[in-house]
Structure formats: C-alpha cells, structure tokens
Amino acid sequence: MKCQRCKKLACVALPSHHAGFCKDCYPLFFTRQVETAIRREKMFTHDDRILVALSGGKDSLALMLELKLQGYDVTGLHIDLGIPNSSEGARSKVEKFCDAHDLKLDVFEMEKWGLPIPDVKQYIDRPVCSICGKMKRHHFNRIAREGGYDAVATGHNLDDEVARLFANTLRWDTAYLSDQGPTLPAAEGFVRKVKPLFRLSEFETANYSFLKGIDIHSAPCPYSTGASFTNHKELWGELEFRSPGQKFQFYNGFMQRGKAAFANLEKETGATLHPCDTCGSPTSVGTCSVCRIKASVAVKKAEWLSESEYEAARARA
Amino acid sequence: MITVNLEPDGKVIELRRTRSVLGALNKLKLRSTMAIVVREDELLTADRKLYNGDTIMVRKVTSAG
Ligand code: SF4
Ligand SMILES: [Zn+2]
Ligand SMILES: [Zn+2]
C-alpha cells in the first residue's frame, strides 16, 4: 500500500478513510482530525487556558503532546489515586513525559486530600470504579474552576465514546444520553469539557503514539474489571470491519439527530444545582456526593480502627 | 516460521506457513484495525509480506475502561 499523500510505502492503513499514510504523513492526518474536532465542535481557541487530564495512558499523553504542538496553552493534571503498585508507575510515567516534552504539570494526590482510592474500596460498599470516576471528574472540574481554566480536555477517543454511547443506549439511560458529546459547554459551576480525540479511533491514536515514541505499555489498574466495556469494543471492532466508518456514523448520527430529544426530556425532570456547602462544587443537594463519600469513609475508618484497637487490647488482657 | 510477541498479553507465539501480516492477524483472530504490527521498529500494514525467521510485535489497541 502507498501513502495517499506522498506515494511512499504506507505504514498505517485506514479502511474507514480509504487511505494509507507513511510515517511522515500520518501525524499530519492525525493533526487535521484534531483541528477539525476543535473547530467544528467549538472546543477552544489559542486564547484559552486548557487543563488536560493525564492518566498516563497513551491517549491522554498523545492529546497533550498534540495540543502543545498545535500551540495551545496547555497544563497537564494528573491525579495520583494512591493505589499501591499502580499509581506510582502511572505518575512517574506522566512526570517523565512532561519533563521530556517541556510540558506544564500539576499533580493532585488523593491520599494527601484524605481519601486514597484503596480506602474507598475497603469502606464503601459500591463498585469502586464508579466512585473513582466520580472523584476524578470532581477534582478535574474543581481544580479547573479554581485555577480559572477555560476548558478541561480528556483523551477519550472514538472507541471510548462509541462504547459508552452504546452501553447507555442498551440501558436507555436518558440522563446520560442527554448529556454526552465531544463538547459539554460550561454551566453553573462546571468548566467546559472537551474531547479533541473523539474523531480518532483507538487504532489511530495507538499508531500516532507509536510514531511519536510515546510508551504505549500501560499496566492496567488492579481494580479494573472493564469486561462489558471491552466486549462492546470488540463487537464494534467487528461491525467496523464489515462496514468501515460505521462507528463514526453511529456516534455522529446520535449527536446530530438523537441527543436533542433526550436533552429535552431531561430538561423537564432535571434538578436545579447549588454550590456544595463544603467544597463549592455544583450539586442538587446541600453537600455534594463526593464530600459525603469522603465523610462516610472517615467515619467508617475511625470505627474500624477503634474496633481493632479494642480487639488488640482484649488480646493483650 | 514467524515469532510473534503478543502485547499486552506478554505471550510469545510461533506461526508456521504465514506469509503476510494479514495471515498472521487472521491466525491470531484479530482484524487489521484491532492491533498495530511492528517489525524492527517499523509499523506494518496488513498487506506487507513476512519472511521466515521474522519476529514481529503485535499490540492489541483496545484498552479496558
Ligand atoms: S479501574 Fe482503577 S483507576 Fe479506573 S476507575 Fe476503576 S479504580 Fe479508578
Ligand atoms: Zn507520505
Ligand atoms: Zn462537596
């Protein structure tokens, strides 16, 4: 196969674009896709300050590098979750990457804030990932709001977006269906959220990362189950093989023709928001769920510690 | 024979009578946009030939969650 641009030997073939690219032209294709996403979805401009969520995965690092190369004012934010044998690795990867490419980086530590994720797992009787995700979104938004950023950017790619839309469609989860998309405008207490890689598949970001020398080995989180999500991605991989371009059509078609109906539905039932009385983040009740979870872990941990002290004292007696 | 380093599984698989990247992907039950294939630091498209004694890295791109 030949490069569509320069006719040299191609190294990446993209059936959904009926095209192949060589190693010099492929990054240009990638850049064009990101530029189109930013422009069409009105994500941000060169005057905006952008906070980029850096998990340490290839997508977030590729996004950060690409936005910097396009001349945007970007700062990375990594949340150190405090998970043993996992978080240190992710953090040092992000720190090394930002050092090597001269990128601004902030690190927020869940442990210092008083709630490392292992405590959530131990003391809260709910799936740890749903709370962990909530915590991350909360802090990204809070730190962006307090730091006066114009937008929070995440590395979600087309496969992530399609898998999520598909899962929410299978459940007809109207709250989610009314509220997803590549750009979520700023609202009372919420900073604008954008996903500049949403036009690019996981395969496309993997190729970009490889060609840019981004270390794409990433150890999965020890708490990850990810099963249904991965199944959906595999299903979609097969659909995409049979009719290339299907993923983007499904997602884009929903954004153009489906989302508005769900948004109208939610407008009638949606709650009004006020600042949380503890942390100031928007919430429909007095204290936001993040602050309530934190308080509840503190109580349970104290109970557990005093119980084990009591047991220890009894054992000594 | 072709030696495949399958990532992120960390498995090493040997394939016989495989003459192209597409042939290798088929044997691994992968579609061409589900993995990147690298030989000596070079990305390969599915139509590229493989030769006896080649070692390739096949990295699946799907990340969980
Ligand atoms: S897999 Fe790990 S990092 Fe991801 S949401 Fe679950 S606990 Fe958090
Ligand atoms: Zn080219
Ligand atoms: Zn709060």
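Taking the listed residues B:L44, B:L22, B:L50, B:L15, the one that is more than 14 Å from chain A (Cβ to nearest Cβ) and closer than 22 Å to A:C3 by Cα is B:L50, with no other qualifying.
Can you say whether A:E309 is assigned by TED's automatic domain parsing to the domain that holds A:E41, at pLDDT below 85 and more than 16 Å from ligand 1 (Cβ to nearest atom), as far as the supplied structure shows?
Numbers: assigned by TED's automatic domain parsing to the domain that holds A:E41: no; at pLDDT below 85: yes; more than 16 Å from ligand 1 (Cβ to nearest atom): yes.
Judged against the criteria, A:E309 is not a match.
Check the range B:53-63 and report whether any residue there is within 16 Å of ligand 1 (Cβ to nearest atom), free of Cβ contacts under 8 Å to residues at least 12 places away in the same chain and within 14 Å of chain A (Cβ to nearest Cβ). Yes, the range B:53-63 contains at least one residue that is within 16 Å of ligand 1 (Cβ to nearest atom), free of Cβ contacts under 8 Å to residues at least 12 places away in the same chain and within 14 Å of chain A (Cβ to nearest Cβ). Of all residues in the range A:212-224, exactly one satisfies the criterion of being modelled with pLDDT of 90 or more and buried (at least 20 other Cβ atoms within 10 Å of the Cβ), namely A:I214. Can you confirm whether A:I38 is part of a helix (DSSP H, G or I), away from ligand 1 (no atom under 16 Å from the Cβ), within 22 Å of the chain's Cα centre (by Cα) and on the phi < 0 side of the Ramachandran plot? Yes: the conditions hold for A:I38.
The condition (being in the same structural domain as A:S60 (by TED's automatic domain parsing) and touching a helix residue (DSSP H, G or I) at 6+ places or on another chain (Cβ under 8 Å)) is satisfied by just one residue among A:F254, A:F210: A:F254. Out of A:L28, A:L9, which single residue is within 16 Å of ligand 2 (Cβ to nearest atom), without any contact (Cβ under 8 Å) to a residue 24 or more places away in the chain, within 10 Å of another protein chain (Cβ to nearest Cβ) and more than 22 Å from A:R145 (Cβ to Cβ)? One residue alone meets the criteria, A:L9.
Just wondering, is there one or more residues in the range A:189-202 that are without any contact (Cβ under 8 Å) to a residue 40 or more places away in the chain and outside any loop (DSSP other than H, G, I, E, B)?
No, because not a single residue in the range A:189-202 is without any contact (Cβ under 8 Å) to a residue 40 or more places away in the chain and outside any loop (DSSP other than H, G, I, E, B).
Residue count for the range A:273-298 satisfying the condition of being outside any loop (DSSP other than H, G, I, E, B), in contact (Cβ under 8 Å) with a residue 60 or more places away in the chain and crowded, with 19+ Cβ neighbours inside 10 Å: 4. Can you say whether A:K104 is touching a Ser or Thr at 6+ places or on another chain (Cβ under 7 Å) and among the basic types (K, R), as far as the supplied structure shows? Against the criterion (touching a Ser or Thr at 6+ places or on another chain (Cβ under 7 Å) and among the basic types (K, R)), A:K104 qualifies. All of (1) closer than 17 Å to A:D59 by Cα; (2) in contact with a strand residue (DSSP E or B) (Cβ under 8 Å, 6 or more places away or on another chain); (3) of a type in the set (S, T, N, Q) hold for A:S92 with one exception: (2). Entry remark, the range A:30-84: residues being of a type in the set (D, E), surrounded by fewer than 20 Cβ atoms within 10 Å (Cβ to Cβ) and either within 23 Å of A:M135 (Cβ to Cβ) or not assigned by TED's automatic domain parsing to the domain that holds A:L115 (or both) number 1 in total.
Restricting attention to the range A:283-296, the residues being farther than 21 Å from A:I117 by Cβ and either within 16 Å of ligand 1 (Cβ to nearest atom) or modelled with pLDDT under 90 (or both) number 2.
Does the range A:167-184 include one or more residues that are crowded, with 19+ Cβ neighbours inside 10 Å and within 17 Å of A:G56 (Cβ to Cβ)? No; the residues of the range A:167-184 include none that is crowded, with 19+ Cβ neighbours inside 10 Å and within 17 Å of A:G56 (Cβ to Cβ).
The values are calculated or read from the model by the stated rules, or taken from the named source; none is laboratory data. What you see is a predicted model, and the numbers here were worked out from it, not measured in a lab. Here Cβ is always computed from backbone atoms with ideal geometry, including for glycine, and neighbour counts include all displayed protein chains.
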